[in-house]
Structure formats: C-alpha cells, structure tokens
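These notes concern the structure reproduced below.
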Amino acid sequence: MKIYVMTHKKCDLPVAEGYVPLHVGRTLSQNLGYLEDNTGDNISDLNPLFGELTGLYWIWKNDTDSDIIGINHYRRFFADFDGNLLQKETVEKVMESYDVIAPIQMVGEDSHYETYKKVHNVKDMDAVRLAIEECYPEYVETFDRVMSTKEGYYGNLCVMKREVYMAYCEWLFTVLFRASREIDVTNYDAYHRRVYGFLSEPLLKVFIVYNDLKVQEMPVIYTSEKAETKELKLAVGQLIRLGQIEEADKMFHEFINYRPDVRLPASDISRELPIIELILYIIKMEKQYQVEGLYTDTHELSELIDNVRFIKELIIIKSRGEEIDEAHIKRLEKLHVSEIAKQVIIQNLDY
C-alpha cells in the first residue's frame, strides 16, 4: 500500500506506514526533498492547470508495484470513524471487501452542474461532456445523472485497488486531454487556471457509479486551513485593528467573490468567515447609528469572534427557556451588546 500525500510545499507529514509525500508541480518549483512528479512519464509542467492531478498522472505512469494506491493532500487525510489517521492495516482490511475508499459525500446547495456554473466557466464542463460523448459514449447517461445531483465526493481524495486506479486514470486523463482541445484558459486568473482539477472532482463519482464499484466512505481530517483563508482573516483583522471597517468589509466581500472556495468547510475549518461577515455588518451598523457595541469592547478580530459566539450562546440558552448561570452573567456585564447585534445574530443563528 502507498498513500501518496500531494503537496507543493514543506508540510507536517503523517508518521505512519505506507504514506509517501509527492511533490506536485516540481518542474516549476524548488526542491523539497520529497518524491517528485517530474521524473519518467509526467505532466509536471502542467501543474498550474491540473493541480494535484499531475501527481495522479505520475503515479499512474510510474508506480509499478503498489497493490493499493491512495491520494491524500498535505492538509487533508482519510481517518477512521474514531477520527484517527487511517492506518495501513485498516486500509488493507477495507480493501478486502471494497474497490474504493472515498470521502463521506458532501451535499451542496445546487447540483454539480449548477455549482460549477456559478463558480467557473460552465463551457469547460460542457467540453468534458463532449469529450465523454466522443471517447466514452456509454458514460454519458451516468455523467448527466451525476451532474444533476447535489451529493458527491470532493478533493480528488481516494484509495483504490491497483487495477481500479489504473483504469480510472486511463479514463480520466483521456477525457480531460480531449476536453482541453475546447478549453481556453488565456484570460483565466491563477485560481481558475486550475480548471482540470476542478473539472475532475465530480468525475470520480461518475466513474464509480458507471462501473458499479463498491465504495467505503470514510471521514476526512484537516490539519490546517487553506492558506488563502488564513491570509484573508489576517488582512481583515489588521484593517479592523486600524479602524478601517469599510475597507475591511469591501476587501472581505471582494475576496469571497474572487475565491468562493475559501468559505468551504474544508478551507474554513473553524467556520469563522460567516462570523466575520456578521461582525463587519454589525460594526458598520453600530457606527452608522452611533451606538456602543462590539467595537467598543475590542478591536481584535479573535476577541470579536469569541464575543459574538458568546452572545449567540446566550441567545440560544434564553430561547430554550433556560436560566443563564452566574459566570455567563459576569462576562455579559463586561460587554456592550447592542440591540443591533442581538437582532443580526438572531437572524443568523444557523452560522
């Protein structure tokens, strides 16, 4: 068994048998001291377009002896149902009865097709359908069915028996290379240029469903937040500290529109971005109506987040008809909780 850990930078790697770091996009970056995807038959130079798929390709063409092949990321790893890193013996036991280990499916707000249409250029997904129609017409009905659903696997994470992995890569790269004839990334920014990585995510389920593969869905643990999510929080926090609330709000929403992926649970592990959005709105309203509130108590984003979560907790306790204990009362007495803050938080309790 080899579970390859796809990475483009130095990272904390699991100390467990069978886990192998693979430096993807090595042709375009500095040596990290890991196994590299630019040897043998490879597409390492296409990493800006394919993302971690350059690693999948390298494994397909260069791993000659693994019986079980897995794909994890430098900050996302399969876990057992107790939340511990998936161990070799567990994987081998699962693969006695299943063809694939995949993440527990996520359910989106829209279908795969509509979601792609909102975030990317939907003509690229249409090019994938055209490629399937030309290269594997027997898959078209399954592709259409999967793309119309909201449930799916994500992140190109998987563990497969060798023969399944080889067949999957043969199918996947045939489809993507054919689709590339119709896809023009000339005017795409760096994020959207990783088009083939985005296109491939729903295709894993297409392949699984069409081939009626037996799947064991497993949890995924996250060891860190996405770098872009961290950067956004740091930048917003700095502007709030300087009192530049309008600038912070504008930057926050512009960044979210540009990189909607930072809001995903896999990127915003602590689920702080929705709270930051509320904080910015509340502070703007309190300033507009010149009332004391969140910003009166602190200018530090981490403390603002903690205060909003505390206020939310109290609102929930009261809504249940329960009494607030003395410790909560003492803390509440130190805060300026405006009616604006209360109403905004009540209206967004699902956050």
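Data table
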quantity	calculated
Pick from the range 232-248, criterion assigned to a helix (DSSP H, G or I) and among the small types (Gly, Ala, Ser), ranking: surrounded by the most Cβ atoms within 10 Å (Cβ to Cβ)	248
Answer from 286, 322, 326 - the residue that is farther than 30 Å from residue 195 by Cβ, acidic (Asp, Glu) and touching a residue at least 40 places away in the same chain (Cβ under 8 Å)	286
Considering residues of the range 205-214 that are outside any loop (DSSP other than H, G, I, E, B) and out of contact with any Leu (no Cβ under 8 Å at 6 or more places or on another chain) only, the residue farthest from residue 145 (Cα to Cα)	208
Qualifying positions in the range 258-272 - of a type in the set (Ser, Thr, Tyr) and modelled with pLDDT of 80 or more	258, 270
Out of 186, 229, 223, 174, sole residue that is polar (S, T, N, Q), surrounded by 20 or more Cβ atoms within 10 Å (Cβ to Cβ) and either in contact (Cβ under 8 Å) with a residue 40 or more places away in the chain or within 22 Å of residue 120 (Cα to Cα) (or both)	229
Counted residues, the range 206-232 - those being in contact with a helix residue (DSSP H, G or I) (Cβ under 7 Å, 6 or more places away or on another chain), closer than 26 Å to residue 7 by Cα and of a type outside the set (S, T, N, Q)	6
Candidate set: the range 222-256, residues that are under 22 Å from residue 13 (Cα atoms) and of a type in the set (D, E, K, R); chosen: the one modelled with the highest pLDDT	230
Which listed residue, of 189, 184, is acidic (Asp, Glu) and either more than 24 Å from the chain's Cα centre (by Cα) or modelled with pLDDT of 95 or more (or both)	184
In the range 44-67, the residues that are outside any helix (DSSP H, G or I) and either surrounded by fewer than 22 Cβ atoms within 10 Å (Cβ to Cβ) or among the basic types (Lys, Arg) (or both)	63, 64, 65, 66, 67
Qualifying residue in the range 147-158 (condition: part of a helix (DSSP H, G or I) and under 22 Å from the mean Cα position of the chain (by Cα))	yes
Subset of the range 189-204 [of a type in the set (Gly, Ala, Ser) and either crowded, with 22+ Cβ neighbours inside 10 Å or assigned to a helix (DSSP H, G or I) (or both)]	197, 200
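The values are calculated or read from the model by the stated rules, or taken from the named source; none is laboratory data. Small disclaimer: the values here were computed from a predicted structure and weren't measured. FYI the Cβ positions are ideal-geometry reconstructions off the backbone, even for glycines, and counts take in every protein chain you see.
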